[in-house]
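Data first, discussion second: the structure below is written as structure tokens.
The values are calculated or read from the model by the stated rules, or taken from the named source; none is laboratory data. Values in this document were obtained by computation on a predicted structure and should not be read as measured data. Neighbour counts are summed over all protein chains in view; Cβ atoms, including those assigned to glycine, are modelled from backbone coordinates with ideal geometry.
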Amino acid sequence: MFLLVGGDSEIGAATARRMAELGIAGAATTRRHHRADAARPFLDLGAPLDNWRPPEGTSAACIFAGIARLAACAADPAGSARINVAQTLTLVDRLLAHDVDVLFLSTNQVFDGLQPHLRADAPHSPVSEYGRQKAQTEAALIARMNQGAPIAILRLGKVVSPDMALLRGWINALKQGEPIRAFRDMTVAPAPAALVGEVIVALLQERGEGVFQFTGPRDVSYAETARYLAARFGADPRLVEETSALENGQPVGSTPCNTTLDCSAIRERFALQCPDAWAVFDTVAG
């Protein structure tokens, strides 16, 4: 059985759907007491984990849980690091102690974004607080891997789905002839949540160990994306107002020039690769 730690997340839900399609037994944790049941065990990463143990029969677990917003990490470095570093490593050690293989989801933010398609073995170079926390956790996990622990790391960029609030808001506004604002200095190499879920399940099934990466093949700016959507839905392109992320108070690290990573290991091992940005947005836009 596979355990999804943080099953309430968008990627966690997509992974659970993929598991269901393949008939794979699993459980997805929740930190919401009212949603907890046998198939959705309760786990709050902010609470003590000394007495926590994975459900009986768990063979591998993927860790989705954590504080992923750059602004939240920048606003509370100590509090977010407790979750993203200390508690996450405690959870990993609890899983390993119960003979559970671990897949940890990380981010392109462990790099500075100055170069495209960075290899998985490139040295960490984070510039955001979130990226520094993920890099610190990665370093500790890699040390455990080097000692023989069954751990894998999967770095992701921007993952999008049909339920993405920003896209839905833009599309609804454009259809109604209303203006939208989009950052010209913030880029994404989008990957669809459903495909990311497929990658995660493949790694869990194959007991992949090491560092893997999965992003789209090229970066596009949010402003370019907004203009593409305007053209796709026949809206006046003048409805798209370009603005600056940094000038609008976005935290340090939110505007890397490149978010693409070298995804050759996933492509060669599982024959999975992400389509171009516009194909991804076509899929999620409906």
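Remarks
- Residue list for segment 231-284, restricted to those being among the β-branched types (Val, Ile, Thr), in contact with a Leu (Cβ under 8 Å, 6 or more places away or on another chain) and in a helix (DSSP H, G or I): ILE266, VAL284
- Subset tally (residues that are part of a loop (DSSP other than H, G, I, E, B) and in contact (Cβ under 8 Å) with a residue 12 or more places away in the chain) for segment 118-174: 16
- Flag if ARG132 is basic (Lys, Arg), surrounded by 16 or more Cβ atoms within 10 Å (Cβ to Cβ) and more than 18 Å from the chain's Cα centre (by Cα): no
- Put simply, of ALA271, ALA245 the only residue that is under 21 Å from ALA202 (Cβ atoms) and out of contact with any helix residue (DSSP H, G or I) (no Cβ under 7 Å at 6 or more places or on another chain) is ALA271.
- Answer residue from segment 1-57, given it is of a type in the set (Val, Ile, Thr) and surrounded by 16 or more Cβ atoms within 10 Å (Cβ to Cβ) and is nearest to ALA97 (Cα to Cα) among those: VAL5
- Some residue of segment 68-88 being hydroxyl-bearing (Ser, Thr, Tyr), touching a Leu at 6+ places or on another chain (Cβ under 8 Å), crowded, with 21+ Cβ neighbours inside 10 Å and modelled with pLDDT under 95: no
Listed here are the residues, each with its yes/no results for (1) in contact (Cβ under 8 Å) with a residue 12 or more places away in the chain; (2) aliphatic (A, V, I, L, M); (3) in contact with a Lys or Arg (Cβ under 8 Å, 6 or more places away or on another chain).
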residue	(1), (2), (3)
GLY177	yes, no, no
VAL199	yes, yes, no
GLN205	yes, no, no
GLU247	no, no, no
SER254	yes, no, no
THR259	yes, no, yes
CYS274	yes, no, no
TRP278	yes, no, no
